[in-house]
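**Q** Let me give you the structure first, and then I'll get to my questions.
The values are calculated or read from the model by the stated rules, or taken from the named source; none is laboratory data. Note that the structure is predicted; figures quoted are calculated from it, not measured. Note that we place each Cβ from the backbone using ideal geometry, even for glycine, and neighbour counts take in every protein chain shown. These area figures cover heavy atoms from the full protein model, side chains too; ligands, DNA and RNA do not enter into them. Shrake-Rupley method; radii C 1.70, N 1.55, O 1.52, S 1.80 Å.
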Amino acid sequence: MYTSKEVLAIFNATINGSEEIYRAVAKSFGLSDCAFWILYCIRQSEEKVTQKDICSFIYQPKQTVHSALKKMVEDGLIEVGDYNGKRHKYVTLTEKGEAFSKKTVDLVLAEEIAIFEDMDVSEREIAMKLLAKYSDSLSRRMGKFR
């Protein structure tokens, strides 16, 4: 049986390992981490996304996202336009961005879906409940440091 300290070390190593996997995948596609997650956010969403939506989804500051969006516009992957007035900008894929996403981010999303389909329904439910419980507790307990 693991102690709480041992579980924490294994948990953090697993999370950090997962982040490294995504970093390597983004790099293999010629993308920064932020650009990868922006495309991911756009592709997984069923509605138009704004820069604010992206910031919330990928937990990155507005300036970081803005810089990545600017480069992606220059690369011809996305367009940014007014949405609901000047305070919000929507982000859409160009034809080039659509084709690029099909060869990159869409493949990642398909693999992630397959990973969850490898689990039975009860395993998925347990995983989601435990992850949500951990995240809620982390937010509550770490709130005192903000």
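**Q** Give region 117-146 a look and list any residue that's over 23 Å from LEU8 (Cα atoms) and surrounded by 12 or more Cβ atoms within 10 Å (Cβ to Cβ), or say none. Lay out the reasoning, then the answer.
**A** Looking only at region 117-146, we keep the residues that are over 23 Å from LEU8 (Cα atoms), and these are 117-122.
Within region 117-146, MET119 is the sole residue that qualifies.
**Q** Further question: Filter the helices (runs of 4 or more DSSP H) completely within region 85-146 down to those with at least 1 residues that are aromatic (Phe, Trp, Tyr) and within 16 Å of CYS41 (Cα to Cα). Walk me through it before giving the result.
**A** On the way: elements: 95-103, 105-117, 121-142.
The helices (runs of 4 or more DSSP H) meeting that bar are 95-103.
**Q** Does ALA13 satisfy the condition of being open to solvent by less than 70 Å² (accessible area, probe 1.4 Å), in contact with a helix residue (DSSP H, G or I) (Cβ under 6 Å, 6 or more places away or on another chain) and either in a helix (DSSP H, G or I) or within 18 Å of LYS102 (Cα to Cα) (or both)?
**A** On the way: open to solvent by less than 70 Å² (accessible area, probe 1.4 Å): yes; in contact with a helix residue (DSSP H, G or I) (Cβ under 6 Å, 6 or more places away or on another chain): no; either in a helix (DSSP H, G or I) or within 18 Å of LYS102 (Cα to Cα) (or both): yes.
No: the conditions fail for ALA13.
**Q** Continuing with the same structure: Say we look at region 54-90 and pick out the residues that are of a type in the set (A, V, I, L, M) and either at pLDDT below 95 or open to solvent by 20 Å² or more (accessible area, probe 1.4 Å) (or both); which of these is nearest to CYS34 (Cα to Cα)? Reasoning before the result, please.
**A** Kept after step one, since they are of a type in the set (A, V, I, L, M), are these residues of region 54-90: 54, 58, 65, 68-69, 72-73, 77-78, 80.
Subsequent filtering for residues that are either at pLDDT below 95 or open to solvent by 20 Å² or more (accessible area, probe 1.4 Å) (or both) retains 58, 73, 80.
On the way: ILE58: 8, VAL73: 14, VAL80: 16 Å.
Residue satisfying both the conditions and the ranking: ILE58.
**Q** Kindly evaluate TYR22 against the criterion of being open to solvent by 90 Å² or more (accessible area, probe 1.4 Å) and either over 13 Å from the mean Cα position of the chain (by Cα) or of a type outside the set (S, T, N, Q) (or both).
**A** Working: open to solvent by 90 Å² or more (accessible area, probe 1.4 Å): no; either over 13 Å from the mean Cα position of the chain (by Cα) or of a type outside the set (S, T, N, Q) (or both): yes.
Criteria not met by TYR22.
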